[in-house]
1. Quick one: LYS269 ticks every box in (1) buried (at least 16 other Cβ atoms within 10 Å of the Cβ); (2) within 41 Å of the chain's Cα centre (by Cα) except a single one, so which number is it?
2. Enumerate the pairs (first residue in region 549-568 and over 21 Å from LEU225 (Cα atoms); second residue anywhere and hydroxyl-bearing (Ser, Thr, Tyr) and assigned to a loop (DSSP other than H, G, I, E, B)) with beta-carbon separation below 7 Å, excluding pairs fewer than 6 apart on the same chain, so at least 6 apart or on different chains.
3. List every residue pair whose Cβ atoms lie under 6 Å apart, where the two residues are 6 or more positions apart in sequence or sit on different chains, the first residue falls within region 58-79 and is assigned by the TED database to the domain that holds GLY102, and the second residue, located anywhere, is charged (D, E, K, R).
4. Restricting attention to region 1-19, and to residues there that are touching a helix residue (DSSP H, G or I) at 6+ places or on another chain (Cβ under 6 Å) and open to solvent by less than 30 Å² (accessible area, probe 1.4 Å), which single residue is modelled with the lowest pLDDT?
5. Residue under question is GLU489, and the condition is that it be under 30 Å from ASN433 (Cα atoms) and not basic (Lys, Arg); does it hold?
6. Scanning region 564-576 for residues that are polar (S, T, N, Q) and surrounded by 15 or more Cβ atoms within 10 Å (Cβ to Cβ), which turns out modelled with the highest pLDDT?
7. With (1) farther than 25 Å from PRO182 by Cβ; (2) surrounded by fewer than 20 Cβ atoms within 10 Å (Cβ to Cβ) as the list, and SER59 as the residue in question, which single condition is left unmet?
8. In region 177-188, is there at least one residue being among the small types (Gly, Ala, Ser), modelled with pLDDT of 90 or more, farther than 26 Å from THR4 by Cβ and surrounded by fewer than 19 Cβ atoms within 10 Å (Cβ to Cβ)?
Amino acid sequence: MNKTIFELSRKNRELEQRLFREQDKKSSDQFKQLTSQELLGVLQQIFRDTIKAPDLDASPLAHYEIVSAIYKRLTNDKNYHIPGPIKSSLHLTELTFQYLHGITEEHDDIKRLLQLLALSWSQLAVHSPEYLQVKQHPAKLVLSKLLMLGECWDQRSGSLAKKLLDGIRLVLSQLNQKGANPRLYEQACNRIMSLESAFNEYRTKRLKSIVEEKRKLEREAKADLFVTNYIREKTQGEEFPVLLLEFMENYLSPYLKNIFMETGPVGQKWHRAIDDCETLIWSIMAPFTPSFVEEYQEKVPPSLKRLYEQIDELFHGSEGLQDFFYELEGIHIKKLNGERADFHSLITSPLFEDFETNESNPSENDYSKELDELLVDDDWYYLIQKGKRFRCQLVPREYTGKWLVFVNLSGAQIADFDTTSASFHPSQLPLVNIETHNYWDEMTEYLERIMSRRVSVLNEQLQRVEKEQAADKARKQAAEDEARRIIREKIEEELNKQQAKKRKLEEDRAKAIAKAKQEEALLEQRRLKAQKLVDSLMPGAIVSYSPDGQQEQQLTLSIISTTTNKYIFTDQRSQRALDPKETQLIDLFAANRMTLLEQGKEFEDTLQSLVAGQREALKDH
């Protein structure tokens, strides 16, 4: 509020006194000017009625008509009058909250707080009518806090936010009960600031926890990529026994990833694990030479012991791990005796040959530019989930990496989106922008406009009344009533414009939400269909795969790893071409980048029978 508004308010009061002949009425026996204590007593009645109201619409302040509510609670045997400065301050309070009611999407919890705040402003106007002229008054600060909460609050804001609102409601209730004088208002403001500070502290802790979880996922992805590249490098261009490849896929890879997550590719523990892995490969692949026995005895037993003990900690009691080391022991015995270790079942090239690093992440589209244009860090949005909309805030993307993380007012995560997923596209985000308001500037402009119009109307009506008074005094009362009616109509006209503006905003918002719901439903249908298709896949299945920027190719599902949850596909040369996890595979089918051409039949049973037969043959020898 600025000086212009207060000057218009003063002119408005002067014109009302002249138009309604308030000076003449003071000489009447029926005239009674209310004292501050009497006004505060009436406002206490309004406060109690507001608290007892069964719903918000039944409250005396449902439409923030404060002056009218005061007169309704006075007896009719006197012509009661509210002192001019107090009445002007009450009128500005009315207009302020009526304007906010017209442009904000208020939830019941926020509306109840605003009604309590309007009552406290009214009591403050009785104590100190000029309080609105104080630029940084605590009353304005409290209103700013409630408007901020109103932009972020909904039914899914969480228990922490609910506790904050309950605390503010208790403070405002106690403030109204005690009379809301300037000293009490400053104390109440400090209490609300303390509540907000504690709320922000807990909320920040929650956000840090979410960020740490996402960073952990990033570290896991880096570990997966690094270990995959290492194993690919070690198996490039070599012939490997099936038993060694199975061990590397099911046990060695998780073991190395676990160490990577602890130390990264540095430190004694990591380098020792790498040395042990290379020693294991050497013990199987190295040809027998006169120096083999001496080298074996020097480095193989301690390395294998460490490998077994540390991998067993991850897969305690695994029969597959024990079977591998039993079979490995038999191979070593043969090699130490100078016998040929016949593995019987070899593959021409390793599983990792010609495997591109970026295939671990099927979608390499960079949507950074689109996301920069679409989203703003820390902004609030409507999120559509299961046909319902919720208010959420975007956690700054610099902290969450590839994830878009949205939290509620309490700082709890309500949704996240992997921007590297094959099915992700910025245009399909189920989000609708929440229009922001510069409430103080907009409200100042509104108050200037409506007060200017009221002064203009009062001035016109006064001039008309004065002319008519000279001709016919009997028409004075009628003119006064007409003046009141016109003033009321003009005010209602302005309020109706605000309501029309609010309805237009709600219609636009409803259209955007309906579109987001439709897109969400289509995406969910594709993912459900893809989930069923992935669940039905069997080894031997033939699919059509379309990599980014490459020619379509046919792949065969060779192995479904239960340990790593990966689906390993090979091309027509039996080379490993793709090994997505289940969620990534679902994304590929949902994005129509992979199509099932033929379902597998008993491929896994055949492979297991072959391996089992070869192992039985080894035991017989």
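The values are calculated or read from the model by the stated rules, or taken from the named source; none is laboratory data. Fair warning: this is a prediction, and the values are worked out from it, not measured in the lab. In this analysis, Cβ positions are derived from the backbone assuming ideal geometry, glycine residues included, and neighbour counts consider all displayed protein chains. Heavy atoms of the whole protein, side chains included, go into the accessibility calculation; ligands, DNA and RNA do not. Shrake-Rupley method; radii C 1.70, N 1.55, O 1.52, S 1.80 Å.
1. (1)
2. Listed by first residue and then by second, the contacts come to GLU552/SER546.
3. PRO60/ASP49; TYR64/GLU94; ILE66/GLU94; LYS78/LYS32
4. LEU19
5. Numbers: under 30 Å from ASN433 (Cα atoms): no; not basic (Lys, Arg): yes.
Answer is no for this residue.
6. Applying the first criterion (polar (S, T, N, Q)) to region 564-576 yields 564-565, 570, 572, 574-575.
Still in the running and surrounded by 15 or more Cβ atoms within 10 Å (Cβ to Cβ): 564, 570, 575.
On the way: THR564: 80, THR570: 89, GLN575: 84.
For region 564-576, the residue satisfying everything is THR570.
7. Failed condition: (2).
8. no
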